[in-house]
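A quick write-up on the structure given underneath.
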Amino acid sequence: MIIFSTVFKILNKLKGNLILYTVILLAITLFNTTSGNMNHYEATKPDILIVNKDQNNEITKGFVSYLKEQAILKDIDINDQEKVDDALFYRDISYVVYIPENFGDDLVNDKNPTIEYKSNGNEKCIFYPNVN
Amino acid sequence: MFIHNLKYTVKILFKNKVLIFWMFAFPIILGIFFHMAFENIEKDEALQVFDIAVIDNKEYQNQTIYQETFKELSDKKNKDQLFHIHYVNKKEAEQLLEDNEIEGYVLFNKQEPQIVIKENGMEQTILQFVMDEIKQNKRMIEDLTKKQIEDEIQQGNYNFNVQQIVHDILQKLNNQEVSLKDTSSSHLSYMQIEYYTLIAMACMYGGMLGLTAINNQLANMSAKGKRVSVSPNKKGILVLSSALGSYLVSLVGLAILLIFLKFGLNVEFGSQWLYIIILSLVGDLAGISMGIFIASVFRVSEQAKTGINIAISMFFSVLSGMMGVTLKYVIDKNIPIVNLINPNNLITDGFYALYYYNTFNRYIRDICCLGIFIIVCLFISFRALRREQYDYI
């Protein structure tokens, strides 16, 4: 009987810990079950950078705003090439799009402008520019 | 005397089994574990052909464009194969989706395709993209064809070939495509950084050899040190030859590690072997200098000095990205000064610069910072060791 009652005394002493762990367990369980439910489609967007050398053209502006819709633009200094390359390597961004000068005009005049891009080798994200 | 002490320092260090284990075997064992754990981590980035289902109903049978596109995209011979398609009825598709066999299914209802998915993700987004693209192109072709036919009729020409018109339009659309040029570097494997941090760690562990060699010269550290101190030899020669001896021993360990990483684990270093060797020599010297610095500046027991050395080098290792390369990037990006005074990071970064960059600016900057680190450490150590006198030991 002594041991029996002592167990409860010990439990009473440790009630703070007991409650804490129970709450954590419940919270995590709750979190997992709620996040599992999905009721709307949401596109998974890659992080990208755009280096635009054709600022004042309506077509290019349209293209850039289209890209902005499809991806998340990261805030990295595009004038510092080393920072951009580092961001690519460490998967901070998935790809960099280089829009050449006169891109919009060339597109209208059938000159087939070339867009250069650098990617980090994550094929799932590379798929985006290719589709676009 | 210089050669004599050098020879015996090397001999004594090689006979110290514990040190040799930490210096020679530990980095290799860690490398093997890294290899086992991280070998497949980057394969996840490859776009794999994934399973989808298409509901094979009457509406779908009328959608020639969709049928053709799906056929093309699921063709096993096509190198751009994207999907593996199950043609099933709605009930089966729902079952497949429930069992996670497919990422989603496409249902044609009154012309408009619907996509049904269970959870959001990259595959689902790609599926949505493909469907949008087909829809857009389909509409574009239809509109252009319609316009072309109307033009022909207006001009009084009723004798046209619809097939030819569609073909011409497709040709025109394909020609108008913006060309994309991939200028990515081919060296993009970020897991290599883990192995570079390992080399950096091995360099810093070399510090323990330097530490032991210097302790053997200090009268307050060992009986050997007492005897050496009362001998009529010049202190400078003894210290320098001990330091050089420990440097040579640690270089042997580092060479074994590099050879093992290159040929055993196929770690990529780029092709600039001369620069890699220079970086290893300088990096190892930085480790030895730190060991000498700790041995001469801290006046604590030998175990405590070893502990300090390991603690500092592990802390530097973590900052340089050993426990996740992201940490190195975050520090590089936000507080670069920390990584410029961290020898582990400078060594790691030097290897990274040789691997990833085509220019040498960053490599040279790293080597220079390491040089400064070495000079500062050695300068302080020699100041501390000079004219050391003991009233009582």
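The values are calculated or read from the model by the stated rules, or taken from the named source; none is laboratory data. Given the structure is predicted, the values throughout are model-derived calculations rather than measurements. Cβ coordinates were reconstructed from backbone atoms using ideal geometry, including for glycine residues, and neighbour counts include every protein chain displayed.
Right, B:Tyr87: in a strand (DSSP E or B) and over 24 Å from A:Ala43 (Cβ atoms) or not? Against the criterion (in a strand (DSSP E or B) and over 24 Å from A:Ala43 (Cβ atoms)), B:Tyr87 qualifies.
Candidates are the residues of the stretch B:379-393 that are surrounded by 11 or more Cβ atoms within 10 Å (Cβ to Cβ) and not in a helix (DSSP H, G or I); the one that is modelled with the highest pLDDT is B:Arg386.
For the stretch A:98-117, a tally of residues being within 9 Å of chain B (Cβ to nearest Cβ) and within 15 Å of A:Val51 (Cβ to Cβ) returns 7.
Rundown of residues vs (1) within 19 Å of the chain's Cα centre (by Cα); (2) closer than 20 Å to B:Asn344 by Cα, yes/no style:
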{"residue": "B:Gly264", "(1), (2)": "yes, no"}
{"residue": "B:Ala286", "(1), (2)": "no, yes"}
{"residue": "B:Met290", "(1), (2)": "no, yes"}
{"residue": "B:Ser301", "(1), (2)": "no, no"}
{"residue": "B:Gly307", "(1), (2)": "no, yes"}
{"residue": "B:Phe316", "(1), (2)": "yes, yes"}
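Based on what the data block shows, is B:Ile32 surrounded by fewer than 17 Cβ atoms within 10 Å (Cβ to Cβ), aliphatic (A, V, I, L, M) and modelled with pLDDT under 80? Taking the combined requirement at face value, the residue does not satisfy it. Checking each residue in the stretch B:315-330 for being among the β-branched types (Val, Ile, Thr), free of Cβ contacts under 8 Å to residues at least 60 places away in the same chain and within 13 Å of chain A (Cβ to nearest Cβ) picks out B:Thr326, B:Val330.
Let's see how each residue does on (1) of a type in the set (Gly, Ala, Ser); (2) farther than 30 Å from A:Gly121 by Cβ; (3) touching a Lys or Arg at 6+ places or on another chain (Cβ under 7 Å):
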| residue | (1), (2), (3) |
| --- | --- |
| B:Lys138 | no, yes, no |
| B:Asp143 | no, yes, no |
| B:Asn159 | no, yes, no |
| B:Ile169 | no, yes, no |
| B:Leu198 | no, no, no |
| B:Cys203 | no, no, no |
| B:Leu209 | no, yes, no |
| B:Gln217 | no, yes, no |
| B:Gly225 | yes, yes, no |
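Residues in the stretch B:50-66 that are exposed (fewer than 13 other Cβ atoms within 10 Å of the Cβ) and β-branched (Val, Ile, Thr): B:Thr64 alone. When the residues of the stretch B:237-258 are filtered to those that are touching a residue at least 60 places away in the same chain (Cβ under 8 Å) and among the small types (Gly, Ala, Ser), the one that is farthest from B:Gly287 (Cα to Cα) is B:Ser241. Comparison of B:Gly236, B:Gly253 shows that the only residue that is closer than 28 Å to B:Tyr190 by Cβ, assigned to a helix (DSSP H, G or I) and of a type outside the set (A, V, I, L, M, F, W, C) is B:Gly253.
Can you list the helices (runs of 4 or more DSSP H) found entirely within the stretch B:1-83 that contain at least 3 residues being of a type outside the set (Asp, Glu) and touching a residue at least 24 places away in the same chain (Cβ under 8 Å)?
Working: elements: B:2-15, B:17-20, B:26-38, B:58-62, B:64-73.
Hits in the stretch B:1-83: B:2-15, B:26-38, B:64-73.
Among B:Ile165, B:Ile134, which is more than 14 Å from chain A (Cβ to nearest Cβ) and touching a Ser or Thr at 6+ places or on another chain (Cβ under 9 Å)?
Details: B:Ile134 fails: more than 14 Å from chain A (Cβ to nearest Cβ).
Only one candidate qualifies: B:Ile165.
Out of A:Asn120, A:Asn132, A:Asn39, which single residue is within 30 Å of B:Met322 (Cα to Cα), at pLDDT below 85 and within 14 Å of chain B (Cβ to nearest Cβ)? Even if it seems obvious, please write down each step before you answer.
On the way: A:Asn132 fails: within 30 Å of B:Met322 (Cα to Cα); A:Asn39 fails: within 30 Å of B:Met322 (Cα to Cα).
One residue alone meets the criteria, A:Asn120.
Residues that are among the small types (Gly, Ala, Ser) and part of a helix (DSSP H, G or I) were ranked within the stretch B:210-233; the one that is nearest to B:Ala286 (Cα to Cα) is B:Gly210. Cβ-Cβ distances below 7 Å connect the following pairs, each with a first residue in the stretch A:100-114 that is surrounded by 15 or more Cβ atoms within 10 Å (Cβ to Cβ), a second residue that is outside any helix (DSSP H, G or I) and modelled with pLDDT under 80, and a separation of six or more residues or different chains: A:Pro100/A:Pro113; A:Phe103/A:Pro113; A:Asp106/A:Pro113; A:Leu107/A:Pro113; A:Leu107/B:Val178; A:Pro113/B:Val178. Condition check for B:Ala286 on (1) surrounded by fewer than 21 Cβ atoms within 10 Å (Cβ to Cβ); (2) under 21 Å from B:Ile372 (Cα atoms): one failure, at (1).
I'd like to know if the stretch B:232-247 contains one or more residues that are within 19 Å of B:Asp366 (Cβ to Cβ), among the polar types (S, T, N, Q) and at pLDDT below 95. Checking the stretch B:232-247: not a single residue is within 19 Å of B:Asp366 (Cβ to Cβ), among the polar types (S, T, N, Q) and at pLDDT below 95. Screening B:Phe298 against (1) closer than 20 Å to B:Leu209 by Cβ; (2) touching a residue at least 12 places away in the same chain (Cβ under 8 Å) leaves a single unmet condition, (2).
Rundown of residues vs (1) basic (Lys, Arg); (2) surrounded by fewer than 16 Cβ atoms within 10 Å (Cβ to Cβ); (3) out of contact with any helix residue (DSSP H, G or I) (no Cβ under 8 Å at 6 or more places or on another chain); (4) at pLDDT 90 or above, yes/no style:
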site	(1), (2), (3), (4)
B:Lys11	yes, yes, yes, yes
B:Phe14	no, yes, no, yes
B:Pro27	no, no, no, yes
B:Ala46	no, yes, no, no
B:Glu68	no, yes, yes, no
B:Asn78	no, yes, no, no
B:Asn89	no, yes, yes, no
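For B:Ser320, the conditions (1) under 24 Å from the mean Cα position of the chain (by Cα); (2) surrounded by fewer than 24 Cβ atoms within 10 Å (Cβ to Cβ); (3) of a type in the set (S, T, N, Q) all hold with the exception of (2). Against the list (1) in contact with a helix residue (DSSP H, G or I) (Cβ under 9 Å, 6 or more places away or on another chain); (2) closer than 29 Å to B:Leu244 by Cβ, the condition B:Ala311 fails is (1).
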